[in-house]
Amino acid sequence: MKPNDGQMNEWITREEDLPEDALLLDGLPEDDGATDDSAPRYEHFRYVADRNQSLLRIDRFLTDRMANVSRNRIQLAAEAGCILVDGKPVKSNYRVKPQEVVSIVMSRPRYEMDILPEDIPLNIVYEDADLLVVNKPAGLVVHPGHGNYTGTLVNALAYYLREDPQFDPADPAVGLVHRIDKDTSGLLVVAKRPEAKTSLGLQFFRKTTRRQYMAMVWGVVKDDGGRIEGNVGRDPRDRLQMTVFPDGEQGKPAVTHYQVRQRLGYVTLVECRLETGRTHQIRVHMKWIGHPVFNDARYGGDRILKGQPFSRYRQFVQRCFEACPRQALHAQTLGFVHPATGRELFFDSELPADMQQLIDRWHQYVLTN
């Protein structure tokens, strides 16, 4: 992707400062999330005010210098802490003074790659002139990045929309509005027009979208439903993981609501509704309350955490790991207001075959033991 001033659009879509889902492009963050304050920041744009610069609000200052970037997007970037003056975050009403250095930072380096169209099958559940909704399979990386420069959902979209003269896969003013992890399956919305991305990004930022996930977790969840609240940020001991900071002094506020859908012996099927969208939020929150997502290798769910110490049981669990060889997490529902018509849209997807097989195996285990 060739960097351009349109990258300001990415700030309004960060599930992970601004919303996965948005997080957001890892610049979209993984698994509905935003990057945390402790993560490194990379400078994308830099401007030095003239010696004779009159006092001018920073949103106006940047709007005058960046093509195709609205004042509203700049204000959102400031709210997310992405706009610095002499190295310190400022709000959108800050007035720029002569010779001050204004920089725009993000949680990842600028992209220096082209997006190559690739004929990768897509499961499109809805499409119109403004947007489309995709049901992403587990194993498909959302966006090109370190170690995954091809074979991603973005490459697939570049091919699918190759005949659309208004869709440029290298332009962040369009495309993914949020994201989910490689090994999480489920629904994603893609903007085909800049106006649609702006509107949808604001809905994620203002928490007015509806997102529900199905997750198989270890253990017997005591309550039928509940609310998990705890700041989520990068683990200082392992930068590849996120963790919960219950004292609220680090990370970003995060809230997950859950409802038990099935009790299956030593595991529980839960429905999780995101109130916020932080990186790995569901996975981290469920681990924090003692119920890691089943077969989640990053957060310890790929070990036998509950059950009997018998070889027959161990063999059964191993077969379950093989049946669903990834974290058992699916973005099942997605709702938002259509950016052009104002009509509320709601999409629901079936559980993928691997998760359904996992549920069936545990259901049979409960019946026969």
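The values are calculated or read from the model by the stated rules, or taken from the named source; none is laboratory data. Since this is a predicted model, take the numbers as computed values, not measurements. Here the Cβ positions follow ideal geometry from the backbone for every residue, glycine too, while neighbour counts run over all protein chains shown. Just the protein is used for accessible areas: all its heavy atoms, side chains included, with ligands, DNA and RNA removed. Shrake-Rupley method; radii C 1.70, N 1.55, O 1.52, S 1.80 Å.
Compute the FRET efficiency between Asn93 and Glu275 as 1/(1 + (r/R0)^6), taking r as their Cβ-Cβ distance and R0 = 30 Å, and round to the nearest 0.05. Could the numbers behind the result be given before it?
Details: r = 28 Å, r/R0 = 0.93.
For R0 = 30 Å, the calculated efficiency reads 0.60.
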Dimensions in Å of region 152-207 - Rg and Dmax from alpha carbons: 11.7, 33
The chain, accessible surface, carbon-and-sulfur percent (1.4 angstrom probe): 47
Protection proxy ranking, peptides 323-331, 311-319, average beta carbon neighbours within 10 Å, highest first: 323-331, 311-319
Label point distance in nm, Leu56-Val101, each placed 7 Å from Cα along Cα→Cβ: 2.0
Solvent exposure, largest accessible area first (probe 1.4 Å, DNA, RNA and ligands not counted), of Ser185, Ser199: Ser199, Ser185
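By accessible area of protein heavy atoms, probe 1.4 Å, what ranking do Thr243, Thr368 get, highest first? Could the numbers behind the result be given before it?
Working: Thr243 30, Thr368 85 Å².
Greatest to least solvent exposure: Thr368, Thr243.
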Ordering of 121-127, 170-176 by burial proxy (mean other Cβ atoms within 10 Å per residue, highest first): 170-176, 121-127
Largest-first principal axis extents, alpha carbons of region 82-227, Å: 57, 50, 32
Value at 222 nm in deg cm²/dmol, rounded to 500, when DSSP H runs of n ≥ 4 in the chain each add -39,500 (n - 2.57): -6000 deg cm²/dmol
Net dipole in debye of region 121-169 [+1 Lys, Arg Cβ; -1 Asp, Glu Cβ; about Cα centre; nearest 20]: 320
Rough spin-label spacing in nm, given labels placed 7 Å along Cα→Cβ, for Lys207 and Gln308: 4.4
Distance (nanometres) between label positions extended 7 Å along Cα→Cβ at His363 and Asp224: 2.0
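Starting from the eigenvalues of the Cα gyration tensor, five times each then square-rooted, give me the equivalent ellipsoid semi-axes of region 235-279, largest first, whole Å. Mind dumping the intermediate values first?
Values: eigenvalues 134, 42, 16 Å².
Working through the eigenvalues yields semi-axes of 26, 14, 9 Å.
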For q = 0.17, 0.20, 0.21 Å⁻¹, Debye-computed log10 I/I(0) when each Cα of region 198-306 counts as one equal scatterer: -0.81, -1.06, -1.14
Region 183-245, accessible area per residue, ligands and nucleic acids excluded (1.4 Å, Å²): 40
Computed over region 146-273, Cα set: Rg, Dmax in Å: 18.3, 54
Geometric extent, Cα atoms of region 215-261 - Rg, Dmax (angstrom): 12.8, 34
Peptides ranked, highest mean first, by Cβ atoms within 10 Å: ranges 260-270, 340-350, 81-91: 260-270, 81-91, 340-350
Values of log10 I(q)/I(0), in the order q = 0.09, 0.15, 0.20 Å⁻¹, for region 233-369 under a Debye, Cα-only, solvent-free model: -0.34, -0.85, -1.25
Cα-based convex hull, the chain, per residue volume (Å³, whole number): 136
